[in-house]
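Structure record follows, encoded as structure tokens.
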Amino acid sequence: MKIAVSGKGGVGKTSVSASLAKLFAREGRRVYAVDADPDASLGLALGISDDILAKVIPLIEMEDVIKEKSAGGGLLYSLNPDVDDILDEYSISVGNIRFLRMGAIKPGGSACYCRENAFLFSVVDSLILDKDDVVILDMGAGIEHLTRGTSKGMDLMIVVTEASKTSVQTARVVMQLANDLGIEVTKVIANKIHSPKEEAFIQAQFTAEELLGVIRFDDELLDVALGNEEDILTGAFKASMEEIYQRVIHFSGGKTSNNAKS
Ligand SMILES: Nc1ncnc2c1ncn2[C@@H]1O[C@H](COP(=O)(O)OP(=O)(O)OP(=O)(O)O)[C@@H](O)[C@H]1O
């Protein structure tokens, strides 16, 4: 199953991605946790230490190797069967989680991440998955990364939003795009909800079918952000994510990905 997590900046995409990765892994499923956001910190949220993360080679550096192996060029690559063989060098495994990252941040105002995105999603699309394997992509903020190429083969798009008009607006645009791009299921998680008033706002914006879950603002996540607590699955956040996880596995029930082994 392939899951993309998207939404406006700072809404909690990385927290949700890391939690889902840990929950799937806890069930014994193999998880590819992919940091597709150059500005993201999925590795840290997964509890991987800085010094280990520093050793993970950005996936984009694999591009030249692939180009040498496949005679082709341009933005479309023929990766199989090479990708699995060489992916080891560009990932680290923590238990059942295999962590990969797209690439480093570019200097301000420089080019887009089109090349990185195209390559990253070629790699993801080429992964040969077992039926129970899961790919979780922590996407960049906003919508620029959402194209036919990047959405190919995604089974579920999770859009994270806060209780604000601008955040909901972005969520709506992402949902529409995901639909246009043919992603089968798109669901919303409302995160950092402070009050019944905010919850009522969210309930008014989305249908019960659209909403995958509501997560309250939880001070305990501050300890994770400050580095005092390693496990993101803590406090009320953990309880909410466990409920959401139960709904997410419903979407993977018996479903295999495009490249799944039978
Ligand atoms: N439910 C919550 N309660 C309290 N704090 C939260 C909650 N969810 C996330 N946070 C905090 O909000 C901050 C941003 O979260 P996170 O990095 O997951 O968002 P993001 O959408 O991935 O951000 P970016 O767009 O910058 O990549 C972090 O400090 C995180 O600990």
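Some points to look at:
- Spacing of the two label points (7 Å from each Cα toward its C-beta) at His194 and Gln246, in nm: 3.0
- Annotation: average projected area of region 149-247 is 7.2 square nanometres, based on the convex hull of Cα atoms across all directions.
- For the peptides 196-207, 181-192, 10-21, 41-52, the ranking by packing is 10-21, 181-192, 41-52, 196-207, with the highest mean count of neighbouring Cβ atoms within 10 Å listed first.
- For region 9-26, putting each phi into the Karplus relation 6.51 cos²θ - 1.76 cosθ + 1.60 with θ = phi - 60° gives couplings of x, x, 6, x, 4, 5, 4, 5, 4, 5, 5, 4, 4, 5, 5, 5, 4, 4 Hz, in residue order, rounded to whole numbers and with x for Gly and Pro.
- List Lys2, Lys22, Lys131, Lys8, ordered by accessible area with a 1.4 Å probe, largest first: Lys131, Lys8, Lys22, Lys2
- Arg216 - accessible surface, heavy atoms, 1.4 Å probe, Å² rounded to 10: 100
- A simple spin-label model places pseudo-atoms 7 Å from Cα toward Cβ; at Lys152 and Val173 they are separated by 2.5 nm.
- Length added when fully stretched, Glu220-Asp50, from 0.36 nm per residue minus Cα-Cα: 59.1 nm
- Pairwise FRET efficiency - Ser93 versus Ala204, Cβ, R0 = 41 Å, nearest 0.05: 0.40
The values are calculated or read from the model by the stated rules, or taken from the named source; none is laboratory data. Keep in mind the model is a prediction, meaning the values are calculated, not measured. Backbone-built Cβ (ideal geometry, glycine too); neighbour counts: all protein chains shown. For the accessible areas, the whole protein counts, side chains as well, though only heavy atoms, and no ligand, DNA or RNA atoms are used. Shrake-Rupley method; radii C 1.70, N 1.55, O 1.52, S 1.80 Å.
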